[in-house]
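Each remark here refers to the structure printed beneath this line.
The values are calculated or read from the model by the stated rules, or taken from the named source; none is laboratory data. Since the structure is predicted, the reported quantities are computational estimates derived from the model, not experimental observations. All Cβ positions, even for glycine, are placed from backbone atoms using ideal geometry, and neighbour counts span all protein chains on display.
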Ligand code: NAP
């Protein structure tokens, strides 16, 4: 028996349980709320989607949990030293979905769609200077599962692409930077910055006044990672001052974005309701199934999130 632990509505949990059961017909899945006290004592694995940490701590035999989401920032934050491993979703489908969103919104900025929408509102006929894709410099922060595939997709579409990670990397067609010095070098040569970093102690507020100031005049930013990586006040001040031209934001400090947030009415901000790469429950369930079947056979827990580095 494997519990599904989530703060989602029971009806949403039942949908996940349906897909998980189809992918693993030999296992029994139950919402946490339906577990008997005996079952709580026994289970060694749980599937999680934004779980209440207290529910997980009520499962004393738990060895590992499998998140059905790629981002595990919230659970890592709420459980500072969990007595079990946390395995996140690594799904090539999700990376493709994210790279599609990255390409779509890069093209939106590259072909000045935001500017033409503003011009249309004023019935203004101005032809913006055409920039070739090869001359548009894209900087991707984070070259993990999502950043790497997104950077390659941009290369395949003719853009000039650089990327930044913690460790040195080699990715065909991508100029790779790492470490603090590498970040400054990348930012100084970036027209469109794409954030695909995890939220950790090291990345919280990373794109504040100092780092945003390193971007060339008129640069734009896309944040598809987590809201807290960007300092909202610093970004708004750069947009208001004209130093940055546009921001595409899919993630926010508070979601849904509060009604009175200045981003809503800012004509240089495009707001998306956290939709750049939603989990596909069918492919996610298949990946979870593969990992659980392997564990049942070998006792080996899949590679887990490192609680010290936070991702
Ligand atoms: P990942 O595979 O863990 O990759 C993280 C990348 O960030 C790695 O390249 C890592 O460097 C780099 N990094 C981490 N900390 C760093 C630091 N302090 N300095 C420089 N580089 C650093 O993560 P992922 O699967 O690509 O996902 C990234 C994030 O996307 C998730 O954490 C989540 O927040 C977000 N996400 C958003 C959506 C959405 O719909 N908006 C959907 C899914 C995920 P190394 O390679 O050197 O370790």
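The set of residues from segment 168-200 being under 24 Å from residue 108 (Cα atoms) and either assigned to a helix (DSSP H, G or I) or not assigned by TED's automatic domain parsing to the domain that holds residue 107 (or both) comprises 186, 187, 188. Consider segment 204-241 and keep the residues that are out of contact with any helix residue (DSSP H, G or I) (no Cβ under 9 Å at 6 or more places or on another chain) and either touching a residue at least 24 places away in the same chain (Cβ under 8 Å) or within 16 Å of the ligand (Cβ to nearest atom) (or both). The one that is nearest to residue 185 (Cα to Cα) is 217.
In summary, residue 134 fulfils each of the numbered conditions (1) within 16 Å of the ligand (Cβ to nearest atom); (2) in a helix (DSSP H, G or I) with the single exception of condition (1).
Just to be sure, is residue 201 touching a residue at least 24 places away in the same chain (Cβ under 8 Å), more than 23 Å from residue 103 (Cβ to Cβ), within 10 Å of the ligand (Cβ to nearest atom) and surrounded by fewer than 22 Cβ atoms within 10 Å (Cβ to Cβ)? Yes; evaluated as a whole, the condition is true for this residue. Of the residues making up segment 275-307, those that are crowded, with 16+ Cβ neighbours inside 10 Å and either outside any loop (DSSP other than H, G, I, E, B) or without any contact (Cβ under 8 Å) to a residue 40 or more places away in the chain (or both) are 281, 283, 284, 285, 286, 287, 288, 289, 291, 292, 295. The number of residues in segment 41-76 that are part of a helix (DSSP H, G or I) and in contact (Cβ under 8 Å) with a residue 60 or more places away in the chain comes to 2. So how many residues does segment 142-152 have that are buried (at least 24 other Cβ atoms within 10 Å of the Cβ) and free of Cβ contacts under 8 Å to residues at least 60 places away in the same chain? Total satisfying the criteria: 4.
Would you call residue 257 under 16 Å from residue 276 (Cα atoms) and in the same structural domain as residue 112 (by TED's automatic domain parsing)? It is true that residue 257 is under 16 Å from residue 276 (Cα atoms) and in the same structural domain as residue 112 (by TED's automatic domain parsing). Among the criteria (1) surrounded by fewer than 20 Cβ atoms within 10 Å (Cβ to Cβ); (2) in contact with a helix residue (DSSP H, G or I) (Cβ under 8 Å, 6 or more places away or on another chain); (3) at pLDDT 95 or above, the one residue 16 does not fulfil is (1).
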